[in-house]
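Please treat every number below as a calculation from the coordinates, not as lab data. What you see is a predicted model; the values in this text were computed from it and never measured. Don't worry about glycine lacking a Cβ; one is built from the backbone with ideal geometry, like all the others, and counts go over all protein chains shown.
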Amino acid sequence: MNPNPNPNSAPSLPLPAGAPAALAGAPWISSAAHQRWLAAESDRLVDGHAAAAADPRGGFSWLRTDGTPDRDRPQDLYACARLVHCFALAHLMGRPGARDLALHGLRALRAGSGAGFHDDEHGGWYAAVAPGGGPVDDTKAGYAHAFVLLAGATAAQAGLSGGRELLEEAAEVVDRYFWRPDEGAALDSWDRAWSAPEAYRGQNSNMHLTEAYLAAAEATGDASFTARALSIADLVVRQHGAAHDWRIPEHFDTAWQAVPDYNADRPGDPFRPYGSLVGHWLEWARLLLTLHAQAGEAAAWTLDAARALFARAVTEGWDAAGGLYYSVDFTGRPVLRDRLHWTIAEAIGAAVYLHRATGESAYEQWYRTFWDYAEHRLIDRAGGGWWHQLDADGRPATSIWDGKPDLYHALQATLYARAPQHLGLGEAARRGLIAC
C-alpha cells in the first residue's frame, strides 16, 4: 500500500465554467448573511417533514412528490433512523416540537417486532416494516444499521430519553455481527437470524458506518470508533480509491477485490448501482477531513485524498449544462446522466470542508455553483423539499427515487457552512456552535 496516495493521479482542480478569476464580496462560506439564508432553508426543510412525516401508528411515512405522506407504504429502517438524527439536530438547534418528533422515531426504533423495527428474538433491526408494525423485509442490513448507530449518537448528544441506550445497543450489534477486524471493515448484510452473511462487501454501507463511527466517537469519547473509521477509510479510499484513479469502486467480493461489472444491468439501482458514484467521491472528501480532525497525524493523508476526489468529481461528473452525473464507469465516461439531489448536497459539504482546509478560492466558487444549481433546479419552493431526482434534461424523474422522503442530505447541506470544521454536526449542535 502506498502510505501517501498521489493526488497527481487526479486532474487539476478546474474553476466552474464562467467563473470569475476573483470573487467579489465576502466568501459565502463565512458570510453571516449567507448563514441566515441557510438557516431559513433548514427551517423550510424541517417544516415539510415535521408537518407530514410522523405516522400516528409509529415511525415515519414516505413523502410523495407533493409532500403528503403515503401511509400505506412500508417504512424503511434507514429512513426512520435518518429522521431521528435530523430531528435530534433540530432540537439541539432550538426548534420547538423537534424533540417530540425525534422521540417518536426513537420509539419506533426501540419497539419490538409487533410495533417497530427491533427484532426482539434475534437482535438488531429489520430493514423494513409495515405501517403499524411487522417486518416486510427482515434482512439485517449494514447500511441501515449504520444509520441506527448515527441516530443513537445524535439522540444521545441531544439528551433524549432512550438515545444513549440505542447508541449502546447499536454499537454492540455492529461490533458483534458486522465489524470484521481481520478485514478492517464491515460486512454488508445478514439474514434475520444472523446465520448467513451475504457474500458481498459494499463501500456504501462502510462509508455510512464511517460517518456513524465518527459521531459515536464524539458522543462517547471512545477513540476505538475513530480507529475503525480510519481503518475503513484506509481500505476504501487510500487503497482502492487511489488504485482506481480516485473513482472509488462501489462493490467488492469477500476478499475486498473490486467487482467493477457488478449490477451492470442495473445502473439505476438506488443502493447498488453499476459504476462509480460521483456523489460518493464527494461524500468521502468531506468525511476524510472530519476524520483528520479526530485522528490527527494518523490521518494526515486524507487532505490530499480529499482534494483528489473533489477534482475528479467536478472534472468528470459535472455536466457543462449543470448538475452532477449519478455515475461514471472506470474510464470516467458517464453511465447514468440523471442528477440526484443528495449528490449536490454532498458536493456542498465537500466544498465547505476543502475551502476551510486549504483557503483556496476555487472551492468557494464551486460552493456557490452548487448552491446556485440547487436553488434553480432542486429546491421546490412550491411543493416543498428538494426534487430527489432529475433526468439528464433537468426534469423531475422517478426512475431511481420517487417522492421526497429524504430530509437528511438536504438538511445537512444547510449546516456544513454553519458548523465548525473540527466537529461533527451533532457535537457542534450540542455545543451550540451552529450559526443562525
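So, in segment 241-276, exactly how many residues are out of contact with any helix residue (DSSP H, G or I) (no Cβ under 8 Å at 6 or more places or on another chain) and either surrounded by fewer than 16 Cβ atoms within 10 Å (Cβ to Cβ) or under 22 Å from residue 305 (Cβ atoms) (or both)? Quick ask: steps written out before the conclusion?
Initial filter on segment 241-276 (out of contact with any helix residue (DSSP H, G or I) (no Cβ under 8 Å at 6 or more places or on another chain)): 243-244, 253-255, 257, 259-270, 273-276.
Next, from what is left, pick out any that are either surrounded by fewer than 16 Cβ atoms within 10 Å (Cβ to Cβ) or under 22 Å from residue 305 (Cβ atoms) (or both): 243-244, 253-255, 257, 259-261, 264-266, 269-270, 275-276.
Counting residues in segment 241-276 that are out of contact with any helix residue (DSSP H, G or I) (no Cβ under 8 Å at 6 or more places or on another chain) and either surrounded by fewer than 16 Cβ atoms within 10 Å (Cβ to Cβ) or under 22 Å from residue 305 (Cβ atoms) (or both) gives 16.
Scan segment 190-210 and tell me whether some residue there is in a loop (DSSP other than H, G, I, E, B), in contact with a Gly (Cβ under 8 Å, 6 or more places away or on another chain) and farther than 21 Å from residue 425 by Cβ.
Initial filter on segment 190-210 (in a loop (DSSP other than H, G, I, E, B)): 191-196, 198-200.
Restricting the remaining residues to those that are in contact with a Gly (Cβ under 8 Å, 6 or more places away or on another chain) gives 194.
Filter again for farther than 21 Å from residue 425 by Cβ, leaving 194.
Among the residues of segment 190-210, at least one is in a loop (DSSP other than H, G, I, E, B), in contact with a Gly (Cβ under 8 Å, 6 or more places away or on another chain) and farther than 21 Å from residue 425 by Cβ, which makes the answer yes.
Only one of (1) over 16 Å from the mean Cα position of the chain (by Cα); (2) assigned to a loop (DSSP other than H, G, I, E, B); (3) more than 23 Å from residue 363 (Cβ to Cβ) fails for residue 272. Which number is that?
(1)
Are any residues in segment 51-75 closer than 20 Å to residue 387 by Cβ, surrounded by 15 or more Cβ atoms within 10 Å (Cβ to Cβ) and of a type in the set (Gly, Ala, Ser), and if so, which ones?
Those that are closer than 20 Å to residue 387 by Cβ, surrounded by 15 or more Cβ atoms within 10 Å (Cβ to Cβ) and of a type in the set (Gly, Ala, Ser): 52, 53, 61, 67.
Please specify each residue of segment 345-362 satisfying the condition of being surrounded by fewer than 23 Cβ atoms within 10 Å (Cβ to Cβ) and either within 16 Å of residue 318 (Cβ to Cβ) or of a type in the set (A, V, I, L, M) (or both).
Selection gives 357, 362.
Name the residue, out of 97, 114, 124, that is on the phi > 0 side of the Ramachandran plot and surrounded by fewer than 20 Cβ atoms within 10 Å (Cβ to Cβ).
97
Which residue out of 324, 378, 288 is over 20 Å from residue 6 (Cβ atoms), touching a Ser or Thr at 6+ places or on another chain (Cβ under 7 Å) and without any contact (Cβ under 8 Å) to a residue 60 or more places away in the chain?
Result: 324 is the single residue among 324, 378, 288 that is over 20 Å from residue 6 (Cβ atoms), touching a Ser or Thr at 6+ places or on another chain (Cβ under 7 Å) and without any contact (Cβ under 8 Å) to a residue 60 or more places away in the chain.
Using the structure shown, decide if residue 152 is touching a Phe, Trp or Tyr at 6+ places or on another chain (Cβ under 8 Å) and either within 24 Å of residue 272 (Cα to Cα) or in contact (Cβ under 8 Å) with a residue 40 or more places away in the chain (or both).
Considered against the rule, which asks whether it is touching a Phe, Trp or Tyr at 6+ places or on another chain (Cβ under 8 Å) and either within 24 Å of residue 272 (Cα to Cα) or in contact (Cβ under 8 Å) with a residue 40 or more places away in the chain (or both), residue 152 comes out as no.
Would you pick out the residues in segment 277-319 that are hydrophobic (A, V, I, L, M, F, W, C), closer than 17 Å to residue 16 by Cα and surrounded by fewer than 24 Cβ atoms within 10 Å (Cβ to Cβ)?
Selection gives 311, 318.
Residue by residue through segment 22-43, note down the ones that are part of a helix (DSSP H, G or I), free of Cβ contacts under 8 Å to residues at least 40 places away in the same chain and surrounded by 13 or more Cβ atoms within 10 Å (Cβ to Cβ). Give the derivation first.
Kept after step one, since they are part of a helix (DSSP H, G or I), are these residues of segment 22-43: 28-30, 32-43.
Checking the rest, the ones that are also free of Cβ contacts under 8 Å to residues at least 40 places away in the same chain come to 33, 37, 40.
Of everything in segment 22-43, just one residue is part of a helix (DSSP H, G or I), free of Cβ contacts under 8 Å to residues at least 40 places away in the same chain and surrounded by 13 or more Cβ atoms within 10 Å (Cβ to Cβ), namely 37.
Give the number of residues within segment 423-434 that are crowded, with 18+ Cβ neighbours inside 10 Å, among the small types (Gly, Ala, Ser) and part of a loop (DSSP other than H, G, I, E, B).
Taking segment 423-434 and keeping what is crowded, with 18+ Cβ neighbours inside 10 Å, we get 423-430, 434.
In the following step, the residues that additionally are among the small types (Gly, Ala, Ser) were identified as 424, 426, 428-429.
With part of a loop (DSSP other than H, G, I, E, B) added as a condition, the list becomes 424.
So the count comes out to 1.
Considering only segment 211-252, state which residues are more than 22 Å from residue 425 (Cα to Cα), part of a helix (DSSP H, G or I) and of a type outside the set (A, V, I, L, M).
234, 238, 239, 240, 241
Sort out which residues of segment 386-422 are of a type in the set (A, V, I, L, M, F, W, C), in a loop (DSSP other than H, G, I, E, B) and buried (at least 19 other Cβ atoms within 10 Å of the Cβ), and write them in order of number.
Residues satisfying the conditions are 387, 397, 407, 415, 419.
Can you report the number of residues in segment 327-361 which are more than 22 Å from residue 6 (Cα to Cα) and among the polar types (S, T, N, Q)?
3
Sort out which residues of segment 130-151 are surrounded by 24 or more Cβ atoms within 10 Å (Cβ to Cβ) and either among the hydrophobic types (A, V, I, L, M, F, W, C) or assigned to a helix (DSSP H, G or I) (or both), and write them in order of number.
141, 142, 144, 145, 146, 147, 148, 149, 150, 151
Given the condition in contact with a helix residue (DSSP H, G or I) (Cβ under 6 Å, 6 or more places away or on another chain), hydroxyl-bearing (Ser, Thr, Tyr) and surrounded by 24 or more Cβ atoms within 10 Å (Cβ to Cβ), answer yes or no: does some residue in segment 223-237 qualify?
no
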